[in-house]
Amino acid sequence: MRAAVITFPGSNCDRDLAVAFQSAGAEVVRVWHKDAELPANVDVIGIPGGFSFGDYLRCGAIAANSPVCRAVVDHANRGGYVLGICNGFQVLTETRLVPGALIRNTNLKFVCKPVGLKVENAETDFTSGYAAGAEITIPVAHHDGNYRADDELLARLQGEGQVAFTYTDNPNGSAGDIAGVFSENRRVLGMMPHPERAIEPLQGSADGQALFRTLIDGFVSA
Amino acid sequence: MKARVHVMLKEGVLDPQGEAVRHALGALGFDGVGGVRQGKVIELDLPEGTTEETVTQMCEQLLANTVIEKYEIELV
């Protein structure tokens, strides 16, 4: 099983994300943002956290229009899996692969701490390693994680099981306490918390490990 | 020629930065500021004859996120 991890100028969680995929059993290829094509036989694409292009214009906006992101959109449109974390989630909203948008935290503060998450949909290839409704601890580190969706979209996301995780104690003002959302086909996941920073007990929590394991084991057994 | 693009959050989209500016104005003694919305202005140097349609495409594809933002184009 092959995972591609993309690096933009300003990405800073790309190595951690590669380690998380590797430790869960994936072969990882690193991809530079100017590459217009992805390596062959990539099963999952990881879009890491950081500050791509210095957060200029809007977080993730310039990365979303980079050559590699056109390949990411093609991969997703073919039914491929994509995991975008933090800045990667912002990139995914900018490409419209996941719905909604992310703006400045309501309290205007950069929030950097472990947070409680509730697993809202445990019937996906990303989350089936968790019990439905399980509460897990994963760190967040962001300034612009305030998820915005109008009432109609919010109702649809909640009704259709497109909400992946919610915060147990909302740190950023997100609508519906949303911490992560799926695309309609549940193969693209965008989330603000950093599961790659919680893959072994030494990091304070290993609750992120199941996400990577589940996703990768799905390919091994398939 | 130049174009000036004004990008604002849509009505109803929370503007945390605008709210902070409103509070700060109140703290300075400017009472009665009912609301503050903060946007951005983007100035573009363009070849003569560039159409508004081209600038619209720039807005749709990059300059604004139309999920949460609206834009106005001024050709100058």
With more than 10 Å from chain B (Cβ to nearest Cβ) and under 18 Å from residue A:150 (Cβ atoms) as the only criterion, which of A:98, A:72, A:82 stands out?
A:98
Please determine whether any residue of segment A:71-78 is more than 18 Å from residue A:171 (Cβ to Cβ) and in contact (Cβ under 8 Å) with a residue 60 or more places away in the chain.
yes
Take residue A:131 and tell me if it is in a loop (DSSP other than H, G, I, E, B), more than 12 Å from chain B (Cβ to nearest Cβ), surrounded by fewer than 17 Cβ atoms within 10 Å (Cβ to Cβ) and over 17 Å from the mean Cα position of the chain (by Cα).
yes
Conditions: (1) without any contact (Cβ under 8 Å) to a residue 60 or more places away in the chain; (2) surrounded by 22 or more Cβ atoms within 10 Å (Cβ to Cβ). Residue A:202 meets all but one. Number of the miss?
(2)
Suppose we filter A:175, A:141 for residues that are within 14 Å of chain B (Cβ to nearest Cβ), surrounded by fewer than 22 Cβ atoms within 10 Å (Cβ to Cβ) and hydrophobic (A, V, I, L, M, F, W, C); which single one remains?
A:175
Could you check residue A:40 against (1) touching a Ser or Thr at 6+ places or on another chain (Cβ under 6 Å); (2) more than 14 Å from chain B (Cβ to nearest Cβ) and say which number it fails?
(1)
Among what's in segment B:31-48 and is at pLDDT 95 or above, farther than 23 Å from residue B:11 by Cβ and outside any strand (DSSP E or B), pick the residue that is nearest to the other protein chains (Cβ to nearest Cβ).
B:46
Yes or no: residue A:215 assigned to a helix (DSSP H, G or I), at pLDDT 95 or above, in contact with a Gly (Cβ under 9 Å, 6 or more places away or on another chain) and crowded, with 23+ Cβ neighbours inside 10 Å?
yes
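Residue by residue, here is whether (1) within 14 Å of chain B (Cβ to nearest Cβ); (2) touching a residue at least 40 places away in the same chain (Cβ under 8 Å) holds:
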| position | (1), (2) |
| --- | --- |
| A:105 | yes, yes |
| A:137 | no, yes |
| A:145 | yes, yes |
| A:152 | yes, no |
| A:165 | no, yes |
For segment B:1-30 the number of residues that are in a helix (DSSP H, G or I) and within 14 Å of chain A (Cβ to nearest Cβ) is 9
Do we find a residue being out of contact with any helix residue (DSSP H, G or I) (no Cβ under 9 Å at 6 or more places or on another chain) and closer than 19 Å to residue A:197 by Cα anywhere in segment A:89-100?
yes
State all residues of segment A:13-34 that are more than 20 Å from residue A:219 (Cα to Cα) and buried (at least 16 other Cβ atoms within 10 Å of the Cβ); if no residue qualifies, say none.
A:13, A:14, A:16, A:31, A:33
If I ask for residues that are part of a loop (DSSP other than H, G, I, E, B) and aliphatic (A, V, I, L, M), which ones from segment B:49-66 would you list?
B:64
Residue match in segment A:73-96 (condition: part of a strand (DSSP E or B) and either more than 15 Å from the chain's Cα centre (by Cα) or within 20 Å of residue B:65 (Cα to Cα) (or both))
yes
Test residue A:118 against the criterion of being surrounded by fewer than 17 Cβ atoms within 10 Å (Cβ to Cβ) and among the basic types (Lys, Arg), and give yes or no.
no
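The values are calculated or read from the model by the stated rules, or taken from the named source; none is laboratory data. These figures come from a predicted structure and were not determined experimentally. Cβ: placed from backbone, ideal geometry, glycine included. Neighbour counts: every protein chain shown.
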